[in-house]
Amino acid sequence: VAGMEECTSRVTTLRNYRQQNMKQYYVMVEYKELKQTAPRGVYLLPAVDRPRLFYGAIFLDMGFFKGGIFKFVVELPGNYPADGAQPVVTFTSKVFHPYIDPQTLVLDLSPRFKEWRASSDQLSSLLKYIKSIFYIKDPLSLPKNVANTTAAHLFETNQAEFRERAMRCVSHAKQRRFINHDKHSTLKFSEHNSSHSHVLEEILKAANSPSKTEQVDETDSDLNDSFVSASNTPIKSS
């Protein structure tokens, strides 16, 4: 009996191990596909020792947050990908926005993902949603329940003041973009230097490629004086 129990335990452990490996494989496939599917101006890099943690940054060249460079973290639950296994997106830059909790800086995903569905919702759709929240124009499009009621009220009643608050966030984030508090982060900002020049050329070359569905804008703010690096290695656009 003891031998059978030990054998059953080993089989269960092996099955769980294989299932977890398959889940991680799917995560890797989704991440690899971001080369073709990620929206322009959004970068995401996996953590070194936590395969379900990602460090991200978004560059904005239009809208209320024009010129903004905002950092964020994406954490995938242990059962991802699975129905209901919704990621958690937390901004590490202060952002005054109806969908972002002013205390925790956690992004509310419910306006786009009522329920996370593994068959259709992936990292690429998450990044597209993150970008889309910065380009909302119609106050009537906001849901009744939002993460930041003050931001929602201003957006609906006084967009001039909302724009002012948004630009404060832009200014604050730009001033602090070279400060990397998380020593484990794989996404770091450093001031532009000559060693980045060839990488910048590759980015601009890719922007002019007719095969790209989304191209890098050569006028993107701070492209020349601010550069993102992964573990001190500059990111190349693909």
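Worth a mention:
- Two-site FRET efficiency, residue 29 against residue 179, from Cβ-Cβ distance with R₀ of 35 Å, rounded to 0.05: 0.55
- With the simple spin-label model, which puts each label point 7 Å out from Cα in the Cβ direction, the residue 83 to residue 204 separation comes to 5.0 nm.
- Sites matching chymotrypsin sites (Phe, Trp or Tyr not before Pro) across the range 25-109 that sit in DSSP coil, with at most 10 neighbouring C-beta atoms within 10 Å: none
- Sites matching trypsin sites (Lys or Arg not before Pro) across the range 135-191 that sit in DSSP coil, with at most 14 neighbouring C-beta atoms within 10 Å: 137, 144, 183
- Under the Karplus curve 6.51 cos²θ - 1.76 cosθ + 1.60, θ = phi - 60°, whole-Hz ³J(HN,Hα) for the range 192-204, x wherever Gly or Pro sits: 5, 9, 4, 5, 8, 4, 5, 5, 4, 4, 5, 4, 5
- The range 1-189: equivalent-ellipsoid semi-axes (sqrt of 5 x gyration tensor eigenvalues, Cα, Å): 37, 19, 14
- Remark: the range 156-162, residue by residue, has Karplus-estimated 3J(HN,Hα) of 7, 10, 8, 5, 5, 6, 4 Hz, where x stands for each Gly or Pro and the curve is 6.51 cos²θ - 1.76 cosθ + 1.60 at θ = phi - 60°.
- Chymotrypsin sites (Phe, Trp or Tyr not before Pro) restricted to DSSP loop in the range 137-206 with at most 16 other C-beta within 10 Å: 178
Taken together, the values in this text are just the output of simple stated rules run on the coordinates, not laboratory data. Computed from a prediction, not measured in an experiment: that's the story for all the values here. Positions of Cβ are generated from backbone atoms using ideal geometry, with glycine treated the same way; all protein chains shown enter the neighbour counts.
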